[in-house]
Amino acid sequence: MHANSSNKKKIRIRTRVFVPMVFVIAVLLITYLFPRQGSFKYSFNEGRPWQYGLLTAPFDFPIYKTAEQLQTEQDSILQYYEPYFLIDNEIQKNALADFDADVNLKERLAELPPATKLYIRKKLQDVYEKGIMRSEDYDRITASVTGGLRIREKNMAASRKIETFYTIRSAYEKVLDDLPQEMDVEMVKAADINDYIRENVIYDAATSEKAENEFIQQVDISRGMVQQGQRIIDQGEIVNDHTFNILSSLKRVTEERSGSAAKNNGMVLGQLMLILLMFGSFYMYLLFFRPNEYRNRKHVVFMVLLVVIFLLLTAVTVRFELFSVYILPYAIVTILIRTFIDSRTALFASLITVILSSLMVPFPFEFIVIQMSVAMISIFMLKELSERSQLIRSSFFILLTYILVYLGLTLYQEGSIKEANWLMLVYFLINFIFIMFSYTLVYLVEQSFGFISGVSLVELSNINKPLLKELSEKAPGTFQHSLQVSNLGMAAAAKLGANASLIRTGALYHDIGKMMNPAFFTENQTPGMNPHAGLPFEESARIIINHVKDGVKIAQRYNIPQQIIDFIETHHGTSMPKYFYISWKNANPGKEVNEADFRYPGPNPFTREEAIMMMADAVEASSRSLAEYSEESLRTLVDKIIDGQLQEGYFKLAPITFRDIQTVKDVFVEKLQTMYHSRITYPELKTPAPQHAVSEEEHGEIPDYSDEETLHP
């Protein structure tokens, strides 16, 4: 006992450290990546009205050219830029030296007349002195406006026209074209003089890049100035191209001027405080209002990670101006948390995500109104998620909400639908496409975190599933028992507000281990058949107990989720098959019994649903032995079984109250009365005496009572 309590205490301490640590890491990460937007507190878009009051210039500042204007002017001036090249004299020396050596060594040159040899050497020297360059560089410079380049020699550079240079091909052709008439052209061609023509004009990348940057800097980045106190824009005026440029320049200068360390540190501190406040409120919500979720590490990590991912996506999108934030499917936060946790937690998490994101985006008021409307619609549409088609259907309603709320805001602010930015509809459509694939995310989350959604529960509870079909064929009595247990459990869960779908699915699978030895269980035995006859009581108990272990193995083989396997493991808890235990005690008076041989491995139920299932399983099995099914006998049976389980302490780990247990009892009695209601006794048709016979024509047709269902009370 002491060891168990010590372990529980350690787990509690680790959880108390783990959950705050997750929140602290999330806060620090978001603060680090939060966009630093300076002290410029206005949001504006070209073509939209100015939402603030009169704005005048707080100081003198230049009007910067737009990136497009600056790029156009830079491209224009670069047309007159001349790149830098170097002449490598070593290449000429080496080429002529190779020619001189080959004149004496190679037959094709040695056979040439002396005058031809001297001519070739002289022409090679001429083309090298003018310069030979790569054909790609030659073509590029030829296509330029200036058609020139600069040859750098030490610290000096001289401009030359491209026509004064050769390529390897034109140099070779020059040697042949200038050949005197008395010399044999074919003999010169056969001498392979192109082997000695090499590129000696080399592109100077470092000098060219430096000179290009200096050339670009000649373009002024601003045009004109705005004087302090000068009127810029007033409320309601449309931000046109010129005003947008002025506002952008003011924003740039303001952020540059506010870039001091003190102001920047203050900005970071303010962001940290706001993020800490939001995440702190989420932490307190889980701690006080969702303690079960707070203690569930996977749930905490999943929710915090989901919020952090969307905040980081928003931060990256805004910081690098990738695209509109309305493309980001914030509704996925609501959909996933609603699917795996609950509606209130989903709304709370969405609220935090939207509020913190609004601190980064332009027009935060519009953003909050639109995104919170979408979050609420998402929750309403997924109140009971039992089909994947609901996710698709909800995507269409989310798209409709985006459009209607945006148009409503436009009418409210502008007074005319014509002022709407129709590009926003494209953003909403892309958002809709992303949300359409949220059902894929549901599956991925299930696989990654081991969760189970309502859709998966509905699919698993289909009795045509191979495993359940096999159970109905191998152990039909067990299958019927499972169906009855699921009915009892669902009725009690619905009354308590527990997860009825989870109980239904868990009940259908809880006894699948009995397929291994179906004949050893009463519900599958025919009259006169008892395989336990002649077996030691310990062996019989082992076979009965092993249906739990066998069930777990079968479920794992069929990839049944762990939440369903938990029902298999806990539906008997650490109880005993008392029939065999008592039989052994009676047969062995005075001997010490090894209780481990007569006890289920457990664990005991640790969720409300598992506790309800344990009660339903025991009550349904015992109810079959009743001689009569009156309310009194059923009440006595239900009280006896559940009070016994309570007394044994099987529900200590489950979050279920005495009031809940009493409600479960009442539901079970009511449900069992319906299940075992007695039918009316059918009257026998008496044959009337002949003298009293009446024809059918006199009293109408004799009623047909062949359909028994019509007589059920």
Checklist entry - With point charges of +1 on the Cβ of Lys and Arg and -1 on the Cβ of Asp and Glu, referenced to the Cα centre of the range 247-396, which listed residue (Gln271, Ile368, Val253) lies farthest in the positive direction of the dipole? => result Gln271
Next on the checklist: At R0 = 35 Å, how high is the FRET efficiency between Leu312 and Glu209 if r is their beta carbon distance? Nearest 0.05 is fine.
Outcome noted: 0.45
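At a 10 angstrom cut-off on C-beta neighbours, averaged per residue, how do the peptides 505-514, 195-204 rank from highest to lowest? Please list the in-between numbers first.
Working: 505-514: 27.4, 195-204: 18.4.
Going from most to least packed, we get 505-514, 195-204.
Could you tell me which of rounded, prolate or oblate describes the range 469-675, using a ≥ b ≥ c as the square roots of the eigenvalues of the alpha-carbon gyration tensor, with rounded for a/c under 1.5 and, failing that, prolate when a/b is larger than b/c and oblate otherwise? All intermediate terms of the calculation are to be shown ahead of the outcome.
Details: a/c = 1.39, a/b = 1.24, b/c = 1.12.
Rounded, because the longest to shortest axis ratio a/c is under 1.5.
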Checklist entry - Hey, which aspartates and glutamates would be in cross-link range of Lys298, C-alpha to C-alpha under 16 Å, not counting anything within fewer than 8 residues on its own chain? => result Asp342, Glu446
Next on the checklist: Using 0.36 nm times the number of residues separating Leu429 and Thr657, minus their current alpha carbon distance, what extension gain do you get?
Outcome noted: 77.3 nm
Checklist outcome for this item: Any lysines whose Cα falls less than 20 Å from that of Lys117, other than same-chain ones fewer than 8 residues away, would be Lys93, Lys106, Lys174, Lys189
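Size of the dipole of the range 469-675 about the Cα centre, Lys and Arg at +1 and Asp and Glu at -1 on the beta carbon, nothing else charged, in debye to 20?
Working: 21 positive and 25 negative charges, 52 e Å.
Its charge dipole is roughly 260 debye.
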Checklist outcome for this item: Of the listed links Lys465/Lys514; Lys585/Lys640; Lys41/Lys210, those spanning more than 29 angstrom between alpha carbons are Lys41/Lys210
Next on the checklist: Taking the 0 to 90 degree range and rounding to the nearest ten, how far is the long axis of helix 389-414 tilted relative to the main principal axis of the chain, both from C-alpha atoms?
Outcome noted: 60 degrees
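Percent relative contact order of the chain, based on C-alpha pairs within less than 8 angstrom and at least six residues apart?
Relative contact order of the chain: 11 percent.
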Checklist entry - Dipole of the chain, Cα-centred, from +1 at each Lys and Arg C-beta and -1 at each Asp and Glu C-beta, to the nearest 20 debye? => result 3000 debye
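The numbers here are math on the coordinates, done by the rules we state, and not lab data. Because the structure is predicted, anything quoted here is derived from the model rather than measured. All Cβ positions, glycine included, derive from the backbone under ideal geometry; neighbour counts span all protein chains shown.
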